[in-house]
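All remarks here apply to the structure that follows.
The values are calculated or read from the model by the stated rules, or taken from the named source; none is laboratory data. Note that the structure is predicted; figures quoted are calculated from it, not measured. Here the Cβ is made from the backbone with ideal geometry for all residues, glycine too, and neighbour counts use every protein chain on show.
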């Protein structure tokens, strides 16, 4: 019982630390898995064992390690099943023959470099007990494998899944990994049989027979299961027991054949019919327990075997650098050459090289197999683990440097979805006639009709083209093992349909100018500002979201966008007014109030029945301030029928904020700048706008101006004067 209690305590520590370190790495825009691998290393002899050896020995005594190993192996089996579940024939559609040829060029370079590296490392870090053939094949395979789950995650988070680069990366990764895993299987067979003999040939033959049987009989049987699932409409516990039983049985068969447990689990996942609902439901029922409970134990088990202190001399650090250089250059150079042969331009070929250099958990699994079978030593294991961390850590920054997101969005090559096709008849404008554009982040399409109504009211008029982009950003779950493109596309398609339903509830005359955007992201605020820059938005119009842990009611993501967006921003607090007829702008003479007035004037121009009141509050401490030159000249350029609907009022009050709140009674929309006047503390949005957000009687639009040269009304005025002249 003592050992069981100890193992449970170890699991608590492992899960807690892996979550903490993993989320820290997510915060710095790195994959969660990197943090979890490092959490495992922290618990091992590389840190805890060095800093507090007594505590390390107490927490992880030798008698508890076998229990962790069993749990880690179970986690690996089901993780490899999830990877197989992610493999879809969809990734191999189109120019398959050319893709096979070029992808194998991309694997040939790292494979050969790995084998050459084996000639250097074998006499230094291996023994005669390990056949050189197995050592060389193993090292070549490890240099060739791409971490497919990590690659999928990076592709989806960067919205590359519908670009030529993303499609090609997936195709190369699938083909490369199939070959690399076959080489690894041969290396394992050679190791277990002590060399290349008839037993190795028998193992290879049995493996081919089993794979063929699974691809024919097994796939046929699972197809029947899929049909049964569709009729039943869900997975019961009995059906899940069948799936899990199949995974374990397939793993046992490949272990018996003489390769490894993980191959059978992977193969079973790969032959599951790619019915979207079936795959999604299996993954949902499986991944949380595997990712949260079992895999951190695997990381801890790997960390206990990682001893960075073994690299304790300049010569050994030199060998590590050699391993790192071969790991980076082999995969990058091979992929770059293959991509250029495939006809890809220099920039995309370079980006593809960095994508294929992604490693991560898949490589860690391979290294553990090598260490378990004694193909590699603890020293080489440690070198390879550090190499994985470095190459995976560098992927995202180098990808962003090589292939920025503004280029990604210009390279969409896949066919449009049904929703996009229905909106394809949109206005076409030349580059010298850029439309006025409002970007509208929509968190919940079912509740933000008022936000989109306001956007259309500001944007659309008869004189000038305009576009409203409802933007829905989808945050993937924080796990990294199961973010399939099938699931990603399903989420995007579903969100676009929700946006389309929202659009169809608006004025029919404006629908064709509303172009929805749905994206995957891991940082909503950053992605919003980047899309605004790429789409050249004139205004970001946000809905109000009260943060859970902030006294500033306009903080959170809204505050982040307000402080980081290089474009004008407005935040809308909807009180439910259907029509905007009466507008109030409290004016205290700053650029944010100027934006408030200009947006109000745009509403006046677009709707003949609107009236505007510009309110100036005078106190003992504040004298009346004149309207800015920009506002005055803009008003003077307006037609008489618009100027007649503008009223400038001045009131005296001890409490200006209370005066504004009182004036908002009977108003449909109050537009206020993020003013720092009237004793407001220095923060993004202070006491004035925070107070208005709570007490304003009308709907409220809070404006933040980025640049004084932005022109929300100038194009409309030009067109109005042109039409008058004609």
Return the residues of region 616-657 that are over 21 Å from residue 599 (Cα atoms) and either in a strand (DSSP E or B) or at pLDDT 85 or above (or both); say none if nothing qualifies. 618, 651, 652
Would you confirm whether any residue within region 153-168 is out of contact with any helix residue (DSSP H, G or I) (no Cβ under 7 Å at 6 or more places or on another chain), assigned to a loop (DSSP other than H, G, I, E, B) and assigned by TED's automatic domain parsing to the domain that holds residue 85? yes
For region 339-350, indicate whether the set of residues that are over 28 Å from the mean Cα position of the chain (by Cα) and either buried (at least 21 other Cβ atoms within 10 Å of the Cβ) or in a helix (DSSP H, G or I) (or both) is non-empty. yes
Being buried (at least 24 other Cβ atoms within 10 Å of the Cβ) and modelled with pLDDT of 90 or more is true for just one of 383, 356. Which residue is that? 383
Check region 263-285 and report whether any residue there is surrounded by fewer than 21 Cβ atoms within 10 Å (Cβ to Cβ) and more than 27 Å from residue 476 (Cβ to Cβ). no
The lone exception for residue 49 - which of (1) over 25 Å from residue 177 (Cβ atoms); (2) surrounded by fewer than 17 Cβ atoms within 10 Å (Cβ to Cβ); (3) modelled with pLDDT under 90 it fails: (2)
Let me confirm something: among 204, 208, 115, which residue is closer than 30 Å to residue 344 by Cα and without any contact (Cβ under 8 Å) to a residue 40 or more places away in the chain? 115
Have a look at 84, 40, 35, 44 and point out the one that is crowded, with 17+ Cβ neighbours inside 10 Å, at pLDDT 80 or above, outside any helix (DSSP H, G or I) and within 32 Å of the chain's Cα centre (by Cα). 44
Please tell me if residue 238 is under 28 Å from residue 284 (Cα atoms) and in the same structural domain as residue 334 (by TED's automatic domain parsing). yes
If we scan region 658-672, do we find a residue that is modelled with pLDDT under 75, closer than 23 Å to residue 566 by Cα and in contact with a strand residue (DSSP E or B) (Cβ under 8 Å, 6 or more places away or on another chain)? no
May I ask you to verify whether residue 22 is in a helix (DSSP H, G or I), within 19 Å of residue 307 (Cβ to Cβ) and assigned by TED's automatic domain parsing to the domain that holds residue 288? no
Could you tell me whether any residue of region 354-363 is assigned to a helix (DSSP H, G or I) and either more than 28 Å from the chain's Cα centre (by Cα) or not assigned by TED's automatic domain parsing to the domain that holds residue 194 (or both)? no
I'd like to check something: does region 181-199 contain any residue that is assigned to a helix (DSSP H, G or I) and closer than 15 Å to residue 84 by Cα? yes
Tell me which of these residue 146 doesn't satisfy, since it passes every other one: (1) buried (at least 20 other Cβ atoms within 10 Å of the Cβ); (2) in contact with a helix residue (DSSP H, G or I) (Cβ under 6 Å, 6 or more places away or on another chain); (3) part of a helix (DSSP H, G or I). (3)
Mind counting the residues in region 501-533 that are in a helix (DSSP H, G or I), closer than 16 Å to residue 404 by Cα and touching a residue at least 60 places away in the same chain (Cβ under 8 Å)? 5
Expected output for region 586-602 (first residue farther than 19 Å from residue 668 by Cβ and assigned by TED's automatic domain parsing to the domain that holds residue 704, partner in a helix (DSSP H, G or I) and modelled with pLDDT under 85, Cβ below 6 Å, 6+ apart or cross-chain) is 594/630; 594/631
